[in-house]
Each structure stands twice: as structure tokens, then as C-alpha cells.
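Comments concern the structure below.
The values are calculated or read from the model by the stated rules, or taken from the named source; none is laboratory data. All values derive from a computational prediction rather than experimental measurement. Don't worry about glycine lacking a Cβ; one is built from the backbone with ideal geometry, like all the others, and counts go over all protein chains shown.
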Amino acid sequence: MCRIAGMIDFELPAAINQLTVENMCALQKHGGPDDGGIFVSQNEQLILGNRRLSLLDLSSDGHMPMAYLNRFFITYNGEIYNYKSLKTELLHLGHQFSNQTDTEVILAAFAQWGPLSFNRLKGMFAFALYDQQENELYLVRDTAGIKPLYYSSNTNGLVFASEVRAFQAAETKPANNPAWPIYLLAYGHIPEPVSTLQNVQSLPKGFYLKYELHTRSVSIQSFAHYSFSNQISDATEANQLVAQQLEQAVEQHLLADAPIGVFLSGGLDSGIIAALASKYKNKDLNSLSIYFEEKAYSEKEYQDILIEHLQCNAYQLLLNESAFNQSFPSILNDMDMPSCDGINTWFISKYAADNGLKAVLSGVGGDELFGGYPSFNRMGKAILLQNLPGFINQIGKKSKYKRLNRMSYLQLDGLKGLYLFLRGNFTPHDIAQQLGAYETDVWNIVNDMPILQDMPCLDDKNKASWVEFNMYMQNQLLRDSDVMSMIHGVEIRVPFLDDQVIRLANSIQPETKYAGALPKQFLIDAFVDDLPNAIWNRPKMGFSFPFAKWLSNSEYVKALMENGNEQSNKNFQNFLSGKMHWSHMMSLVILNHRKAI
């Protein structure tokens, strides 16, 4: 796992471009503390940079950027879980290898199959691969969008990096995107492909960008995507297949030459991952948990049940309000892209690093694939409301009730309107008030991005799955997991998002996948023998903190809001009186924080 950066520039001297990439890498060193390297092409037009977090082949043989046949060069961030089988196949085809990394396998695969190799890579990855003979650069991102990759192109060339903050090192710094506060207040995050900088966007997942240096042309093409097939209807067969495939995924995700662990929140998804991991780690399994003094939020009771059941090496952190207050300004600074979530991941990742772990397995993806959110039951009603005459959706525009208030989002066609109705934070009317903007302008910006294809043929619950997978999980959970873990030099792995697990889940008929009295009853049935009854037969709790209380008492938050404008002061008073949810308040705190720095 690493951080990458690079650029092509036909106007500036190579020395300046190299210094720029070195500075971009320096801004991302937290995500690659073990090693760093720079590659300069023969024509000096292209520079590749890398910061390495060593997890496979910890020796200097894993140094990047890495070369193959003195023709192909790569800077790479990720893990390829099927690299050993690919390596065996490539050996039979006559390829030779000089180290034990998955990086060299990517290079050999590209040498053998060209861009067709990208679909054969199973894992999480974002990389830049340069073919020096053809003078072509490829930027590639995994199909589930687990690893980030941002780029900016113009007539003079191309710049790319793992984090948006790295673009601040560019010779000509991109201007701020004036629309990003609107997206943050609407979504609670910045939806892909938007970023906080103008002309800097994320490469779509399952796509590759090809830059031909001799013609200065850019093309973007899909190499893989996910769809629903609904082929499997038998519940017993589906349970067995998912249990087998997820266990295989967990085994592959445990592959590392460095210490590894598993997050253990006390819930179903992390419990399943931990239970499967314990089959391969036995009593060597390291689990990490956070609990609180506030009993309403603490899951220690369930964590202890799992720890006793699995007999693992348990690391449990009591996180209190004092530690939160001490770290909160640093957490806001560590956010690469604004998000009203991710603070929990910052703390648990820091705790992992403090205990010597460099990779941790997470249960992200279980809710999105198997129906763990309220949206799965609400989607059908939301679709009915969206089809009502427009004036009805205006009824709650200025209502004090959040759910009625969000009804105005149903004016937006398709999945975007449905998502914002189900999960949105502030409405355009409220956003305009918060930012002192025209409501019409806010509507135009929200309507502009992201562009979501409609899925009229999908079952309501599969439609909810698609939206949660491609919006909430993609733009918030995965991005927060990546940034907040890598800021501490820790890699988060997500077995539920194994390529075969996703494809298998999407092939199960919704009547089978979402059946049952409890949320994710399918997963409970598939792993009922692996977990204590108390873990699945319990109320669902999000992996959350006592945020409302802690934010209310925070002197830093108080100073930010009181030193802002009159609207900021009013917002803070509304929050203190219980009229504003903590996630809404978080978005406003982030805005004020970024103005202050």
C-alpha cells in the first residue's frame, strides 16, 4: 500500500517537474512512510513518484517506481490478492520475476496482455503504468473504487496523485472549486468525480485513462463494472456460496509480511470478518476495538462476547471526551476531502498504528450488499413520492421536520433525488441560507453533479443497494477509510468488497437476499454457526461516537462558530438546543475550519 503522484509537462524543465513530484510525494509521506522513489522518463517529459508502505516483500526489492524489461514502469498503491495465481500463469508463459511483490506481477501481466490485464487483477488498486516504448501512460483504478486516484489534464500535460492535498505542490496550483461547500452541505461529503479543486477530479472506478505523449491525447475507458443478474434463488445454495466465497476472500486479505489485525466493533459484519480470520490466524488474530464511557454508545459488551468466543489478541481503547477534544483540530486538518464522518476511523487507525499493526480488515460493504440500512425498506416509498406531482414535493420545503424538509430533493430525477431524499443533509433552501447564495444557483449545482444513470428495471431493494454502494459507501465510507487510516500509515482491507463476493451478492435474487425478519438476515443465516447468538440478535448500532455531546462541549467548535458570521452563531445555538443533528453541525464546523486555516 502506498501513495503515488506523477506528471507529464511539455512546457516546464524536467528539474522543476521532478521537484514538483517530490513535493507531491512529501505531502503524502504519511501514507508511505517506509520508502520513496522517483522515475524520470528518457525524454524527461514524464515523472513518476511513490511513497511506500511495505506489506509484501519488505525488502528493498519492493522499491517503487518499479521497472520491468526496462520498458514498463509503475508507481502503485494497493494489494492484488490473486497475484500468486497470476504469477504462476505468467511463469508458464515465459515471464521471469526478480522479487516477491504483487507490483512486478502487474507489470508482467501488462507486458503479456496489455490493457486486458486490468480486468484480471483482483484486489484494491490505483496505479500509473508507463510504456516507454510506446510512450503511453495508463492511470488505472480498481472496480470497486476502494483506492483513490485524482488527476488533472490540460494542453500542457497531466498531473495525478492519491490525495487532493498533493496538488497544492503543483507549479501552478489549481484554484479552489467554489461549489464544494454546496456539495458538502447537501451530501455530507464531496461526491465523485467532484473535488475541492477546479479541474481536479477522481478517475472513475473500473476505468483506465490512457495518455499518449506523442499526440498529447487523453482517452478514458471502462475495463470492468458490476451489475445485477439475479441468477440464484435458492436460499440454502446462496448462503453456502457466500459463506465459502467470503471465507476465501478473508484468507486472501490476510496475506501480508507485516503485522495485521481486524476491526471489531461488536456488530455483525466485523464479527463475521473476525470469525473467518480466526480460522486462519487462530489465537494469533489481533482485534482492535473502541469503547466509550457513555453506555448508550459503547459496544464493549458485544466486543467482549466476540473476544471471548474467538480467543484473539484483543486491543481495546477507551476513548473519552478529553482525547477527542485534544485530537479534533488535527483530525480536521488530516481530512483530504471534507466529510462529516471518518473521525471514528481516524482513532481506530491511530490505535492500530500505536500497537504496531500496518494492515487491518474491516466490515465495510456488508450493509450495502445485503440490506443493512433503513433505505432498503424506504426506497419503495421514496419512489412513490418521487412520482407525485412536483408541488407536493414542495410541501416540506421550509418545514422544521427534516424528513419533510428533504422531500424537496425529489424534484431531482432518478437516483440522485432518491439518494438525497433518503440521506441528504441540508436542502438547497437551507444551503442558500447557510452560504448566503441564491437558491436557484444551489439547485443548478446540485443538479449538475454527480451524473447518475437511472436504474428503472431494478427491484426497489437492489436499487437501494446500488445507490448505497455507489454513493454513500463510495464517497464517504471508502474515502474516509482510506484517508483516515493512511494518515497513520495503516492499510484498511475490505473483504466484503472482494470482486467475487460482490458479483456473487449481485447474482442473488432480491427475494432471497433481503428476506427475513432482521436486517441482513441472509448474512445471519449464512454465518449463524460462526457467531454467538448475542451478536446478531441485538439492536443495530452504527460505528459512532457520542458526537452530539462532545461537539456541544468542544471549546474549539465553540470558538469556530462564534468567530464566524451571524449565521454560524445561530447554527451553533440551534445545535445546542437540539434543533440540528450532529452530522449537519459537522459539515458547518468543517466549513468554518477551512476558512480559518
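Summary table
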read-out: Any hit, the range 248-261, residues being part of a strand (DSSP E or B) and outside the structural domain of LEU357 (by TED's automatic domain parsing); value: no
read-out: So THR101, is it assigned by TED's automatic domain parsing to the domain that holds PRO148, modelled with pLDDT under 95 and β-branched (Val, Ile, Thr); value: yes
read-out: Selection from the range 68-115 of residues that are hydrophobic (A, V, I, L, M, F, W, C) and in contact (Cβ under 8 Å) with a residue 24 or more places away in the chain; value: LEU69, PHE72, PHE73, ILE74, ILE80, LEU86, VAL105, ILE106, LEU107, ALA108, PHE110, ALA111
read-out: Residues (surrounded by 15 or more Cβ atoms within 10 Å (Cβ to Cβ), more than 27 Å from the chain's Cα centre (by Cα) and not in a helix (DSSP H, G or I)) located in the range 546-597; value: SER554, GLY564
read-out: Residue check, TYR226 surrounded by fewer than 20 Cβ atoms within 10 Å (Cβ to Cβ) and among the aromatic types (Phe, Trp, Tyr); value: yes
read-out: Residue within the range 46-54 that is surrounded by fewer than 18 Cβ atoms within 10 Å (Cβ to Cβ) and farther than 24 Å from ASP480 by Cα present; value: no
read-out: Cβ pairs under 6 Å, 6+ apart, first in the range 420-431 and of a type in the set (S, T, N, Q), second outside any helix (DSSP H, G or I); value: ASN425/GLY188
read-out: The one condition in (1) of a type in the set (Gly, Ala, Ser); (2) surrounded by fewer than 21 Cβ atoms within 10 Å (Cβ to Cβ); (3) part of a helix (DSSP H, G or I) that ALA505 fails to fulfil; value: (2)
read-out: Residues satisfying the stated conditions in the range 173-211, i.e. hydroxyl-bearing (Ser, Thr, Tyr) and assigned to a strand (DSSP E or B); value: SER202, TYR208, TYR211
read-out: Yes/no for ALA515 being part of a helix (DSSP H, G or I) and among the small types (Gly, Ala, Ser); value: no
read-out: Residues satisfying the stated conditions in the range 393-410, i.e. at pLDDT 60 or above, in contact with a helix residue (DSSP H, G or I) (Cβ under 8 Å, 6 or more places away or on another chain) and surrounded by fewer than 17 Cβ atoms within 10 Å (Cβ to Cβ); value: GLN394, ILE395
read-out: Cross-chain or 6+ apart pairs with Cβ under 7 Å, the range 229-251 first and within 13 Å of GLN509 (Cα to Cα), then charged (D, E, K, R) and surrounded by 18 or more Cβ atoms within 10 Å (Cβ to Cβ); value: ASN239/ASP525
read-out: Subset of the range 158-195 [acidic (Asp, Glu) and modelled with pLDDT under 95]; value: GLU171
read-out: Number of the condition not met by ASP441 [criteria: (1) modelled with pLDDT of 95 or more; (2) under 25 Å from the mean Cα position of the chain (by Cα)]; value: (2)
read-out: Residue within the range 273-291 that is in contact (Cβ under 8 Å) with a residue 24 or more places away in the chain, more than 30 Å from GLN500 (Cα to Cα) and outside the structural domain of SER162 (by TED's automatic domain parsing) present; value: yes
read-out: Odd one out for VAL364, checked against (1) under 26 Å from PHE426 (Cα atoms); (2) free of Cβ contacts under 8 Å to residues at least 12 places away in the same chain; value: (2)
read-out: Entirely in the range 410-472, the helices (runs of 4 or more DSSP H) that have 1 or more residues that are among the acidic types (Asp, Glu) and touching a Pro at 6+ places or on another chain (Cβ under 7 Å); value: 439-448
read-out: Members of the range 346-388 found to be under 21 Å from TYR187 (Cα atoms), of a type in the set (Val, Ile, Thr) and at pLDDT 95 or above, listed by number; value: VAL364
read-out: Evaluation of ALA249 against (1) surrounded by 19 or more Cβ atoms within 10 Å (Cβ to Cβ); (2) at pLDDT below 95 (one fails), failing number; value: (2)
read-out: Pairs where the first residue, in the range 466-489, is outside the structural domain of ASP34 (by TED's automatic domain parsing) and without any contact (Cβ under 8 Å) to a residue 24 or more places away in the chain and the second is surrounded by 23 or more Cβ atoms within 10 Å (Cβ to Cβ) and not in a helix (DSSP H, G or I), C-beta under 9 Å, 6+ apart; value: ASN470/GLY145; ASN470/LYS205
read-out: Strands (runs of 3 or more DSSP E) enclosed by the range 94-172 - at least 2 residues per element that are of a type outside the set (D, E, K, R), within 19 Å of SER195 (Cα to Cα) and more than 17 Å from the chain's Cα centre (by Cα); value: 150-154, 157-161
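Residue by residue, here is whether (1) modelled with pLDDT of 95 or more; (2) under 29 Å from TRP346 (Cβ atoms) holds:
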{"site": "MET449", "(1), (2)": "no, yes"}
{"site": "ASP454", "(1), (2)": "no, no"}
{"site": "SER465", "(1), (2)": "yes, yes"}
{"site": "GLN476", "(1), (2)": "yes, yes"}
{"site": "ASP482", "(1), (2)": "yes, yes"}
{"site": "SER485", "(1), (2)": "yes, yes"}
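This table checks each residue for (1) crowded, with 19+ Cβ neighbours inside 10 Å; (2) touching a residue at least 60 places away in the same chain (Cβ under 8 Å); (3) in contact with a Cys (Cβ under 7 Å, 6 or more places away or on another chain).
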{"site": "VAL194", "(1), (2), (3)": "yes, yes, no"}
{"site": "GLN198", "(1), (2), (3)": "no, no, no"}
{"site": "PHE207", "(1), (2), (3)": "yes, yes, no"}
{"site": "HIS214", "(1), (2), (3)": "no, yes, no"}
{"site": "ASP257", "(1), (2), (3)": "no, yes, no"}
